[in-house]
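Student: Sharing a structure with you now.
Bear in mind these aren't lab numbers, they're just calculated from the coordinates by the rules spelled out. As the structure is a prediction and not an experimental result, all values here were calculated from the model. No Cβ is skipped: glycine too gets one built from the backbone with ideal geometry, and neighbour counts run over all protein chains shown.
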Amino acid sequence: MGHQVCPPVPVSALSGLLSSILNNGMAIYEMGSGATAIEKIVISTIAKSIGYDENSDGFLTSGGTLANLTALLAARQLMSEKNIWENGVKEKLAVMVSEEAHYCIDKAVQIMGLGLEGVIKIPVNDKFEMDTSLLETHYQKAKKEGLKVMAVVGSAPSTSTGVYDRLTQISAFCKKYGLWFHVDGAHGGAAVFSDKYKFLVKGILEADSIVIDGHKMMMTPAITTALLFKKGNDSYAAFNQKAQYLWGKSADAEWYNVAKRSLECTKSMMSIRFYSIIKTHGIEIFNQYITRQYDLARTFADLIIEHNKFELALEPSSNIVCFRYYLEDMKLNELNELNHNIRTRLLEKGEFYIVETNVKEKTYLRTSLMNPFTQLSHLEELLNRICQVTEEIISV
Ligand SMILES: *Cc1c(COP(=O)(O)O)cnc(C)c1O
């Protein structure tokens, strides 16, 4: 219940044995024909759940960080007037993203050579969603400064607080100015599978590109990530490259040669980690898993609200819950230090593994309820333990 690492479905973990023994490289079709065909099935299964039509396409790659970079590389190539692949970056391009977004978006922008000014941070509102009412002013300001905004990234959800940005509103803004709309759904894009919670990602099917990690909320072993594009052809834009010894007709959209689209050349057989789950349990398992974990977070939040020693940072919208131990007569820095010490002491005791996060200058304890076997009783026990260690800390 600490970091966003899921317990893998057993059959998916076992599929690792198969892929390690076969050891198919998957750069081009002849290196991993079976896994490549399976990848196509997996991608179209996920695309269908998103609501994308048959023009969509995508591929699997190693991690949300790499997938976000790849999506933004495609955006950069397609949104620029020049062919960046051939000419290099001649414009001052920028990406708008919530100040609460995952740090890998910053990494991607720096790697692309756009500098610090290439990331325009949009402040969050009091619900910790990107404040979309500020997009217009930030956009106009950037324009005045000679920047060309190429994309807006929505977090689904952001990592620290687990809050989903309003994708419909971001999409409307992107349409207005013809910007690329990317959704970082590494953690919770898989909410598309939940009948109960898919409302959280309303508008996701308007996105030009979407990242979903299997190893976060789809119970695959790490690392397994899907990168999807609304227009399948856009998935070839990031690496507009010719490698004659690998493929003959470079201009063709060759879905079966995955290295044309992914940064990776040799690539692990990720598709069977998804496929083994889909084949054995059906996609219904994702619906059940996500719904259960998100429900559990809400019940845990109720428990925290009822408890007179704890304060909730915000109502959880995913399975991430941020809260803190609270004493009325303590100052902010004392409370921050106390909660930091609580987490350290808990880790030292070795029974619970939770993390901490800073939101608007306050230090919170943070749980990601990843394990489908976590019960409310475990969470009651966690709160009891926190009260115990707090007494130990205060009494010293
Ligand atoms: C985990 C996460 C990432 C990074 O994904 P990796 O698979 O760890 O590289 C990116 N964005 C968000 C919102 C995440 O939660």
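Student: In the structure displayed, which of 121/267; 143/362; 82/260; 90/176; 90/121 lie more than 29 Å apart, Cα to Cα?
Tutor: In this structure, 121/267; 143/362 lie more than 29 Å apart at Cα.
Student: Give me the one-decimal Kirkwood hydrodynamic radius in Å for region 68-151, with the sum taken over alpha-carbon pairs.
Tutor: Details: mean 1/r = 0.0756 Å⁻¹.
One decimal place: 13.2 Å for the Kirkwood radius.
Student: Something else about it: Once you have a ≥ b ≥ c as the square roots of the Cα gyration tensor eigenvalues for region 134-198, tell me rounded if a/c is under 1.5, and otherwise prolate or oblate according to whether a/b is larger than b/c.
Tutor: On the way: a/c = 2.82, a/b = 2.23, b/c = 1.27.
It is prolate, given that a/c is not under 1.5 and a/b is the larger ratio.
Student: About its Cα centre, how strong a charge dipole does the chain have in debye, to the nearest 20, once Lys and Arg get +1 and Asp and Glu get -1 at the Cβ?
Tutor: Values: 41 positive and 45 negative charges, 231 e Å.
Dipole about the Cα centre, nearest 20: 1120 debye.
Student: Kindly work out what percent of the DSSP beta bridges joining two residues of the chain are antiparallel, to the nearest 5.
Tutor: 55 percent
Student: Additional query: Quick check: net charge around residue 143, other residues with Cβ under 11 Å of its Cβ, Lys/Arg +1 and Asp/Glu -1?
Tutor: Net of charged neighbours comes to +2.
Student: Would you please state the base-10 log of I(q)/I(0) at q = 0.14 1/Å for region 1-149, with intensities from the Debye formula using one equal scatterer on every alpha carbon?
Tutor: For the requested q values the scattering log ratios are -0.96.
Student: Under a cut-off of 19 Å between alpha-carbon atoms, report the aspartates and glutamates in cross-link reach of residue 198, not counting same-chain residues fewer than 8 places apart.
Tutor: Hits, sequence-local ones excluded: 53, 129, 165, 184, 206, 208, 213, 284, 295, 315.
Student: If you scale each eigenvalue of the Cα gyration tensor by 5 and take the root, what three semi-axes come out for region 13-95, rounded to whole angstrom and sorted largest first?
Tutor: Numbers: eigenvalues 188, 59, 31 Å².
Over the Cα atoms of region 13-95, the semi-axes work out to 31, 17, 12 Å.
Student: Calculated FRET efficiency, residue 89 and residue 266, Cβ-Cβ r, R0 25 Å, to nearest 0.05?
Tutor: Once the sixth-power term is evaluated, E becomes 0.35.
Student: Pulled fully out, how much extra length does the chain show between residue 231 and residue 136, if you take 0.36 nm times their separation in residues and subtract their Cα-Cα distance?
Tutor: On the way: separation 95, 0.36 × 95 = 34.20 nm, distance 2.62 nm.
That works out to 31.6 nm of additional length.
Student: For the peptides 130-142, 290-302, what is the packing order when you average, over each peptide's residues, the other Cβ atoms within 10 Å and list the highest mean first?
Tutor: Answer by packing, highest mean first, reads 290-302, 130-142.
Student: I would also like to ask the following. Need one number: nm distance between label points at residue 21 and residue 281, each 7 Å from Cα along Cα→Cβ, rounded to one decimal.
Tutor: 2.3 nm
Student: Tell me which DSSP H helices of the chain clear both cut-offs, 24 Å or more of axial length from alpha-carbon atoms and a mean Kyte-Doolittle hydropathy of at least 0.0.
Tutor: Numbers: long enough: 33-50 (26 Å, 0.92); 284-306 (33 Å, -0.12); 332-349 (26 Å, -0.99); 376-395 (29 Å, 0.22).
For the chain, where a helix must reach 24 Å along its axis and average at least 0.0, the hits are 33-50, 376-395.
Student: Counting other C-beta atoms within 10 Å, and keeping those with at most 11, which DSSP coil chymotrypsin sites (Phe, Trp or Tyr not before Pro) do you find in region 159-247?
Tutor: Sparse-neighbourhood loop chymotrypsin sites (Phe, Trp or Tyr not before Pro): 245.
Student: Also, quick follow-up: For the chain, which semi-axes, largest first and in whole Å, follow from the square roots of 5 times the eigenvalues of its Cα gyration tensor?
Tutor: Rounded to whole Å, the semi-axes are 37, 27, 17.
Student: Among the aspartates and glutamates, which have Cα under 19 Å from the Cα of residue 309 when same-chain residues fewer than 8 positions away are ignored?
Tutor: Hits, sequence-local ones excluded: 328, 329, 334, 337, 356, 380, 381, 391, 392.
Student: Using just the alpha carbons, could you tell me how many Å³ per residue the convex hull of region 274-395 encloses?
Tutor: 115 Å³
Student: Also, I was wondering about something else. Tell me which GluC sites (Glu not before Pro) from region 317-358 have a DSSP coil assignment and no more than 11 other beta carbons within 10 Å of their own. Write out the running numbers ahead of the final one.
Tutor: Details: sites: 328, 334, 337, 348, 351, 356; in loops: 328, 351.
Taking region 317-358 and a limit of 11 other Cβ atoms within 10 Å, the loop GluC sites (Glu not before Pro) found are 328, 351.
Student: What aspartates and glutamates sit close enough to residue 148 to cross-link, taking a C-alpha to C-alpha distance under 13 Å and skipping anything fewer than 8 places away on the same chain?
Tutor: Counting by Cα, and skipping residues close in sequence, residue 148 has these aspartates and glutamates nearby: 81, 91, 117.
Student: Still on this structure, I have one more. Show me 32-38, 14-20 ranked by packing, highest mean number of other Cβ atoms within 10 Å first.
Tutor: 32-38, 14-20
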